[in-house]
Amino acid sequence: MTLLVSETSLVANGPSFQMGGCSQIVLHDEDDSSEVLDIDEYIPNREVVNLENADVNIQGSTGVTIGPVTHVNVSGNVTIYSNGNVADDVEHKSIESGEHKPGINSHAKLGKCGKSESEEDLKRLTKHKKTIRIFLSISFALLVTIGTVVLILHFTNHIFNKEDPNFGPTTPGSNDNDNIGNHQVLDRTHWGGRPPLSYINITSPVPMVIIKHTGAGYCDSFQVCAGKVYSMQSQGIIDGLPDIKYNFLIGGDGNIYVGRGWDVQPAYRNDTIDIAFIGTYTYDVLTPSMIEAAQLLIEDGLNNNKLTQDYKLVAHNQTTAQISPGPNVFKEIVTWPHYDGGLYFNNKNLEKAGGEAY
């Protein structure tokens, strides 16, 4: 390699380049005279030649480096940043110019305060995992709570709605119950009731029969009527009573459903027998079969010494301020034997304070 340079251009500082091997240098003086020297002769200690404001012509050589040179001997990947520029700036410039800068890892980015993007990603991932753990913990606690509530409701429903196969309406056969005329008399084994929590025996014969309505929906089949009677027992227990309120109930199917029966005090007035028609008789209307069932039941009680011979028949609203038994029942019973039009508001020995709640 031959380097042409003015000798006066050799200075102590400035951009540098390195030469070696069989290189030569041509020195020009101010009077345009020149001299060719081997580089080893001109620079015996092979120091760097520094040039300032010089024209450099390099002939017959390749692989010449002009400017700062850094040699790094390491194992692994090396990322070099120039003048404090972050790698993404360098990468961006390389992409714009269509070049790929050797030695620059275009995938390594710096975040705030000189931290690599991978560190920032790791922190975000850690924070994200923590958020997920919190979310999963809350979700698990919520599921446990919901599951507990469902189980409580299930067992409550089991207790009050008789999911036990030993309870529930059982269609009566022709020989497993007593009939009064053409009307079946169905006890709690048929309508699915449970034994009472407690009871008070009544002293027969009883001097008064009170006619009521239940206030619940009307029914005209065994399955529906039995279900309503069963629900009334459950509601009575929820309300603090030991059993269903009534002694007997008459369904739209013409059947007689036994509640407390002839020998147990009713819920709200001692020494009486409550007979309730299932339905709301402000709107519903008694059928001839229902009327006959009630009258035959009363006659059966009289014949079996469950009622006094001079018993009084009254409407519910003659014993307390209630709509029951409803005008459609009231206008019927005023024509029955033993009906008494007097008022009997002197309730006594109530099972539940405050009187009747219907």
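Tell me the strands (runs of 3 or more DSSP E) entirely within region 229-344 that contain at least 1 residues that are more than 15 Å from Lys212 (Cα to Cα), assigned by TED's automatic domain parsing to the domain that holds Asp187 and hydroxyl-bearing (Ser, Thr, Tyr).
It comes to 307-315.
In region 191-215, how many are under 15 Å from Asp253 (Cα atoms) and modelled with pLDDT under 95?
0
What about Tyr230, is it closer than 23 Å to Ser289 by Cβ, surrounded by 17 or more Cβ atoms within 10 Å (Cβ to Cβ) and more than 36 Å from the chain's Cα centre (by Cα)?
Criteria not met by Tyr230.
Hey, can you tell me all the residues within region 289-322 that are in contact with a helix residue (DSSP H, G or I) (Cβ under 8 Å, 6 or more places away or on another chain) and at pLDDT below 95?
Gln322 - this is the single residue of region 289-322 that is in contact with a helix residue (DSSP H, G or I) (Cβ under 8 Å, 6 or more places away or on another chain) and at pLDDT below 95.
Criterion first (surrounded by 20 or more Cβ atoms within 10 Å (Cβ to Cβ) and over 27 Å from Phe345 (Cβ atoms)) does Gly251 satisfy it?
yes
Being within 27 Å of Lys331 (Cβ to Cβ) and touching a Lys or Arg at 6+ places or on another chain (Cβ under 7 Å): is that true of Asp274 here?
Here the answer is yes, as Asp274 does meet what is asked.
Tally time: how many residues in region 186-231 are closer than 30 Å to Gly342 by Cβ and either free of Cβ contacts under 8 Å to residues at least 24 places away in the same chain or among the basic types (Lys, Arg) (or both)?
Result for region 186-231: 1.
The values are calculated or read from the model by the stated rules, or taken from the named source; none is laboratory data. For clarity, every value in this text was computed on a predicted model and none was experimentally measured. All Cβ positions, even for glycine, are placed from backbone atoms using ideal geometry, and neighbour counts span all protein chains on display.
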